[in-house]
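Read-outs throughout are calculated quantities, based only on the coordinates presented, and are distinct from any laboratory measurement. Note that the structure is a prediction, hence the values are computed from the model and not measured. FYI the Cβ positions are ideal-geometry reconstructions off the backbone, even for glycines, and counts take in every protein chain you see.
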Amino acid sequence: MTERLKQFKEIGKKIVAVCRNYKGLTAAQGIPNPKTPSLFAKPTTAYITEGQSIRIPEGCNLLYHEVELGVVIKQKCSNVAVSDVDEYIGGFVLALDMTAKDFHNEAKANSRPWFLSKGFDTSCPVSDFIEKEKVPNYRDVRLWLKVDGAMKQDDSTADMIFSVPEVISYISKYITLEEGDVVLTGTPDGQGPVTDGQIMEAGLADIVSMKFSVTK
Ligand SMILES: O=C(O)/C=C/C(=O)CC(=O)C(=O)O
Ligand SMILES: [Mg+2]
């Protein structure tokens, strides 16, 4: 099973992302915690891996970084009880939910979809597949991100508003999840701009780290 899930970028059909899922982020933005997870989709064409560069989309003048814990779904599932979610977790990835923030702000202001601002090519840099056993306590694991060596995001998944099981159970009530799909579970406070020529380094505790450059 694990060998197959290492090919999640090829076998997965979708990336389902949760937003505003960290207490520190909603507090910093002065917004109430959502009553249910807020979801959006990213296409799997957004994936890149180390050695590839994040390309700033044409017309974007404000690109934001967001480090996130990604969950790789083990097998097809729907209507999964929170208590049963663990058996559908195949493993994890460290991910960046890159956001064309000016496009995103315009979409929010005009009640337009977020698909372009969140789904452009190279908007989902990911680590290699992380075996489940390597993240024994995914409920409390450190996520961090540096830009040109300066720490920008550094928090624990313990700050999530909705836990990984709660998020996956909620999604599965409405959207069937399939083998290799990735659920991005939100970003902690500290997301911010990154520009042409800068280098980002991100990590999941000392389990995995990855580096990506940003280019026009
Ligand atoms: O501006 C907002 O309300 C939300 C911004 C986001 O990008 C949400 C996420 O993607 C996140 O919280 O991870
Ligand atoms: Mg995000």
(request) Considering only segment 183-215, state which residues are touching a residue at least 24 places away in the same chain (Cβ under 8 Å), in a loop (DSSP other than H, G, I, E, B) and more than 16 Å from ligand 2 (Cβ to nearest atom). (result) Thr195, Asp196, Gln198, Ala205, Ile207
(message) What's the total number of residues in segment 91-105 that are over 22 Å from Ala202 (Cα atoms) and either away from ligand 2 (no atom under 16 Å from the Cβ) or acidic (Asp, Glu) (or both)?
(response) 1
(request) List the number of the failed condition for Ile48; all other conditions in (1) more than 15 Å from ligand 2 (Cβ to nearest atom); (2) more than 17 Å from His104 (Cα to Cα); (3) more than 16 Å from the chain's Cα centre (by Cα) hold. (result) (3)
(message) Just to be sure I understand, how many residues within segment 105-136 are surrounded by 15 or more Cβ atoms within 10 Å (Cβ to Cβ) and free of Cβ contacts under 8 Å to residues at least 12 places away in the same chain?
(response) 1
(request) Determine whether segment 68-84 contains at least one residue that is in contact (Cβ under 8 Å) with a residue 40 or more places away in the chain and closer than 18 Å to Pro193 by Cα. (result) yes
(request) Scan segment 125-160 for residues that are of a type in the set (A, V, I, L, M) and out of contact with any Ser or Thr (no Cβ under 7 Å at 6 or more places or on another chain) and jot them down. (result) Ile130, Val135, Leu145, Val147, Ala150, Met151, Ala158
(message) Name the residue that is nearest to ligand 2 (Cβ to nearest atom), counting only residues in segment 106-139 that are within 20 Å of Pro43 (Cβ to Cβ) and in contact with a Gly (Cβ under 9 Å, 6 or more places away or on another chain).
(response) Cys124
(message) Pairs please, first residue from segment 166-182 and over 18 Å from Ile11 (Cβ atoms), second anywhere and crowded, with 19+ Cβ neighbours inside 10 Å and small (Gly, Ala, Ser), Cβ atoms under 9 Å, 6+ apart in sequence or on different chains.
(response) Val167/Gly186
(request) Would you tally the residues in segment 1-37 being free of Cβ contacts under 8 Å to residues at least 24 places away in the same chain, over 11 Å from Ile161 (Cβ atoms) and away from ligand 2 (no atom under 16 Å from the Cβ)? (result) 2
(request) Return a yes/no flag: does segment 137-151 have any residue that is touching a residue at least 40 places away in the same chain (Cβ under 8 Å), farther than 30 Å from Glu3 by Cα and surrounded by 17 or more Cβ atoms within 10 Å (Cβ to Cβ). (result) yes
(request) Taking Ile168 as the residue in question, decide whether it is among the β-branched types (Val, Ile, Thr), touching a helix residue (DSSP H, G or I) at 6+ places or on another chain (Cβ under 7 Å) and surrounded by 21 or more Cβ atoms within 10 Å (Cβ to Cβ). (result) yes
(message) Here is a check on your reading of the model: is Glu179 more than 13 Å from ligand 1 (Cβ to nearest atom), more than 16 Å from Leu69 (Cβ to Cβ) and not in a helix (DSSP H, G or I)?
(response) yes
